[in-house]
Every structure is written in C-alpha cells, then in structure tokens.
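One structure is given below, encoded as structure tokens.
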Ligand SMILES: [Zn+2]
C-alpha cells in the first residue's frame, strides 16, 4: 500500500497581486499566444487566461477544498510569506484565506522564497506565525529551489517537514521520506508543471512514474497540483488532477494521508 500525500502551492491569490508588481501578465500574453499558434491550447483557454487579470481571484482554493474533501483528502496548501519569481501577494493579503483553509480542516504551510539565508528563512516562518496566528505545518520552496544546505537550515527553523526535493530531469524524485535533524524531508514525487500539458500524455507519463514508485516499493508519495489551474483556463491539467485522484481512490494499492499523519506514523514505527 502506497500512501499518497496531496499538496497545493498557492503561487497566486488575487488578480491584483500582479498589477504593477511584476511582469506575469505581459509574459502570459506572449506565452499563451505562442501556445495558441502551436495549437497547444484552445482559443477559449487563450481568452480565459488573458482576461484572468480582470477577475478578482487567481486562486481556486475553495473549489479545490471542496473537491479534495469529497475524496477524503486532507491536503496541504503552501502560502508565500515573501515575494519572488512571480509570487507577488503580501502576507497580510493571504491571512484571511489561510485561516479559511485551516478552519476547513486542511493543513497549511509556507511556500518558501529564500532557500539559502537562514535569517530570511526564519523570517518567513515567523511572518507566517504572526499572519496566521498559528505556526506553519511545514514548507515547500517556490520553484522547488534548494541547494546542499537548504534542508539542514530548514531543520533549525521550526518546520516539522519540508517537501521540496525534486529532480527536474527525472520529472520528480521517487524516494521515501527521510529525516534531516528533527525535520522530515518528503521528496516531491509528481508535479503538474513537470508533466506533458495534454491530458492523455500527462496521464501516460503519470502511470509510468507510478510504476517506478511501485518498483521501488515506496511507502509514501507526494503530489503537487497548483490550485490556480483548477478552472476552465487549464482544462487539460485540471482533468489530469481529477483523473489522478479518482485513480488513487479506485485503486486498492493507494491510500490518502497528510504530511502530519505520515510523520506520526513514521515516528511511531521507530523511524526516529
Ligand atoms: Zn510556487
């Protein structure tokens, strides 16, 4: 039985996050137009993505919470406490959403920006605590950035877990969780952005990766789906996510868990 941990990185909150703060929209106009010419997206998706800057929300957290809850998944949502690489909302702008996610029984953590400077890492941790009114459950770095000392530094920061280790060449890292000091590192097994962006191809690639997990007899796998894609703008990849969750639900080989419950189980089975 493989335990599946589902997580969501909240890269965007509101459309106004990016007004005069970064170049997300101009870049998106260029990218989506090229994608349309190459027939990688439909005209409707082109339209929806390019008018998304006028909508209130860029996140789809509520719809995703409802979907996950229906499937009995206590997923984890990671929120940015610092700006960078197209993540441009301020901590205070996230406060209400963080509390809502927590009140709904889901797990919440930090979507980290600094992966090298201990001082800034600590600051993001403390900012979350002050903003939310409770400590973060764990962390994942934005753009899964890390170096040789990132996990060691994070282990001194107060996080119970990190879920950043990700091999971009291999479409993820298929490896069991392991301990770094007092912190657990849960390598990221499958990420939406590192799959083909067409539904059928994404599905085939995922099945291939899951076969590898089975061959390696993994006990835990971590899945990342970005909540901003849980809408008509990103039809194929949203359908991939819905298919994947259904696939896990229907199979006797998989069971859902959360980072917190996984840690409890790992610690109680003597992996201290
Ligand atoms: Zn991110």
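Readers should treat all values here as calculations from the given coordinates under stated rules, not as data from a laboratory. Here the structure is a predicted model, which means the values were calculated and not measured. So basically every Cβ, Gly included, is an ideal-geometry build from the backbone, and we count neighbours across all protein chains shown.
Data for the structure
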read-out: Helical mean residue ellipticity (222 nm; -39500 (n - 2.57) per DSSP H run of 4+; nearest 500) of the chain; value: -12500 deg cm²/dmol
read-out: Relative contact order (percent, whole number), the range 120-272, Cα cutoff 8 Å, 6+ residue spacing; value: 16
read-out: Relative contact order of the range 36-120, defined on C-alpha pairs under 8 angstrom at six or more residues apart (%); value: 26
read-out: Gaussian network model of the chain, springs between alpha carbon atoms under 10 Å - residue of 251, 75, 107 with greatest fluctuation; value: 251
read-out: Isotropically averaged projected area of the chain, using the convex hull of Cα atoms (one quarter of hull area), nm²; value: 13.9
read-out: Protection proxy ranking of 91-101, 43-53, 7-17 - average other beta-carbon atoms within 10 Å, highest first; value: 7-17, 91-101, 43-53
read-out: Kirkwood hydrodynamic radius of the range 79-156, Cα pairs, Å; value: 12.6
read-out: Contact order relative to length of the chain, as percent, for alpha carbon pairs under 8 angstrom and 6 or more apart; value: 25
read-out: The chain: most fluctuating residue of 73, 113, 37 per GNM, C-alpha cutoff 10 Å; value: 37
read-out: Cα centroid separation - the range 132-186 against the range 207-225, whole Å; value: 18
read-out: Average silhouette area of the range 125-272, convex hull of alpha-carbon atoms, in square nanometres; value: 10.0
read-out: Extension reserve of the residue 55-residue 212 stretch, reckoned as 0.36 nm per residue once the Cα distance is removed; value: 52.5 nm
read-out: Dimensionless Rg/Rh of the range 1-155 - Kirkwood Rh, Rg from C-alpha atoms; value: 1.00
